[in-house]
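Engineer: My structure is below; once you've seen it, I'll send some questions.
The values are calculated or read from the model by the stated rules, or taken from the named source; none is laboratory data. Here the structure is a predicted model, which means the values were calculated and not measured. FYI the Cβ positions are ideal-geometry reconstructions off the backbone, even for glycines, and counts take in every protein chain you see.
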Amino acid sequence: MKKDKVTRSRKQKIIRWTKIGIFIYGVTGIALYYFQEKLLLHPTPLSFDYQFKFNVPFKEVNIPLNATDNLNLVQFLPNDSTRKGVVLYFHGNLENINHYAQYAINFTKHGYEVWMTDYPGYGKTTGKFTEPNVYMQAREVYKLANTKFGKDSIIVYGKSLGSGIASWLASRKPCKRLILETPYYSIPDLFSHYAPIYPVESLSKFKFPTGEYLKDVKIPITIFHGTDDWIIPYRYAAKLKKILKPGDEFITIHKGSHNDLNEFPLFHEKLDSLFSL
């Protein structure tokens, strides 16, 4: 009788803890779904009358998209009046153009303009951040660039979050080269690292399937990724290797993290060689 009591008590505890576990799993899953924008996107909005201040020549352009939404673009200009082309730079998930302007010199020193655009909710760009919206804005930036530069003078560059957007654009519009810095295979694939016990494909509002887009990119592709990247672990970017064509490059920066590849000589050696072609 005593043994039955102990067994019954143990079963009740198991059932109780199972219910608690299921409850926690469910609540966490709901939170992941409804708050994933907060986890993925970290914008810093700016007022429309905010004045950019950079130590290099630049021009600010605002593109009205509809009655309410505006696309803000900053064009960083080389000191030399001769232009070799333009880099369409799609930045990461932090802040706004102010945070990424420091990297423009990597390209302007080679005679390229660098056009950085903010996503909806970032900087002065308005509207709702959705996958179709950021693709549409990328298309508008390309359209404007193509009025000034031929397809053989347009380089598309994607950093972190921007790698999915850059890959989408390069898979659909003719250009010279696609360069990705710290990319991911897809957002659901990356989320599987942070939430391995959840059906991330169903939970993810954003897909940005970089790997799928790269299959349709016909131009040369160069990828940079660091082995110590803790935000987008190296193995999640390394999956892109199997998609690359002969002649494409996957450049591994040993000890490189997510936000410090610009500090490594190899990064600049490779980048400089690409822009001297």
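Engineer: Within region 73-124, can you find the residues that are among the small types (Gly, Ala, Ser) and under 19 Å from residue 267 (Cα atoms)?
Structural biologist: Selection gives 92, 101, 104, 111.
Engineer: Moving on to the next point. Hey, among 250, 149, which residue is closer than 19 Å to residue 114 by Cα and among the aromatic types (Phe, Trp, Tyr)?
Structural biologist: On the way: 250 fails: closer than 19 Å to residue 114 by Cα.
Checking each option against the conditions leaves just 149.
Engineer: Another question, if that's okay. Out of the residues in region 85-129 that are part of a loop (DSSP other than H, G, I, E, B) and β-branched (Val, Ile, Thr), state the one that is farthest from the chain's Cα centre (by Cα).
Structural biologist: Per the stated criteria, the residue is 126.
Engineer: Only one of 255, 241 is at pLDDT 95 or above, surrounded by fewer than 16 Cβ atoms within 10 Å (Cβ to Cβ) and outside any helix (DSSP H, G or I). Can you tell me which? Spell out how you get there, then give the answer.
Structural biologist: Details: 241 fails: outside any helix (DSSP H, G or I).
The conditions single out 255.
Engineer: Now for a separate question. Just name the residue that is nearest to the chain's Cα centre (by Cα) out of those in region 42-74 that are farther than 14 Å from residue 98 by Cα and not in a loop (DSSP other than H, G, I, E, B).
Structural biologist: Per the stated criteria, the residue is 71.
Engineer: When residue 170 is evaluated against the numbered criteria (1) assigned to a helix (DSSP H, G or I); (2) touching a Leu at 6+ places or on another chain (Cβ under 9 Å); (3) under 19 Å from residue 76 (Cβ atoms); (4) among the aliphatic types (A, V, I, L, M), which criterion, by number, is the only one it fails?
Structural biologist: Failing condition for residue 170: (3).
Engineer: Pick out the one residue from 153, 171 that is polar (S, T, N, Q) and either surrounded by 24 or more Cβ atoms within 10 Å (Cβ to Cβ) or within 17 Å of the chain's Cα centre (by Cα) (or both).
Structural biologist: Being polar (S, T, N, Q) and either surrounded by 24 or more Cβ atoms within 10 Å (Cβ to Cβ) or within 17 Å of the chain's Cα centre (by Cα) (or both) holds for just one of 153, 171, which is 171.
Engineer: Given the structure, is residue 220 in the same structural domain as residue 94 (by TED's automatic domain parsing), under 27 Å from residue 112 (Cα atoms) and without any contact (Cβ under 8 Å) to a residue 12 or more places away in the chain?
Structural biologist: No.
Engineer: Go through the residues of region 81-90 one by one and say whether even a single one is small (Gly, Ala, Ser), assigned by TED's automatic domain parsing to the domain that holds residue 147, crowded, with 18+ Cβ neighbours inside 10 Å and farther than 29 Å from residue 231 by Cα.
Structural biologist: Looking through region 81-90, at least one residue is small (Gly, Ala, Ser), assigned by TED's automatic domain parsing to the domain that holds residue 147, crowded, with 18+ Cβ neighbours inside 10 Å and farther than 29 Å from residue 231 by Cα.
Engineer: With the structure loaded, tell me whether residue 145 is crowded, with 17+ Cβ neighbours inside 10 Å, in the same structural domain as residue 260 (by TED's automatic domain parsing), at pLDDT 95 or above and closer than 19 Å to residue 43 by Cβ or whether it fails that test. Explain how you work it out, then say what you get.
Structural biologist: Working: crowded, with 17+ Cβ neighbours inside 10 Å: yes; in the same structural domain as residue 260 (by TED's automatic domain parsing): yes; at pLDDT 95 or above: yes; closer than 19 Å to residue 43 by Cβ: no.
Against the criterion (crowded, with 17+ Cβ neighbours inside 10 Å, in the same structural domain as residue 260 (by TED's automatic domain parsing), at pLDDT 95 or above and closer than 19 Å to residue 43 by Cβ), residue 145 does not qualify.
Engineer: What number goes with the only condition from (1) under 18 Å from the mean Cα position of the chain (by Cα); (2) closer than 27 Å to residue 129 by Cβ that residue 250 does not pass?
Structural biologist: (2)
Engineer: Now a separate question. Identify, from the list 181, 113, the residue that is within 18 Å of residue 75 (Cβ to Cβ) and among the acidic types (Asp, Glu).
Structural biologist: When all the criteria are applied, what remains is 113.
Engineer: Out of the residues in region 91-139 that are over 22 Å from residue 66 (Cβ atoms) and of a type in the set (D, E, K, R), state the one that is surrounded by the most Cβ atoms within 10 Å (Cβ to Cβ).
Structural biologist: Out of the qualifying residues, it is 113.
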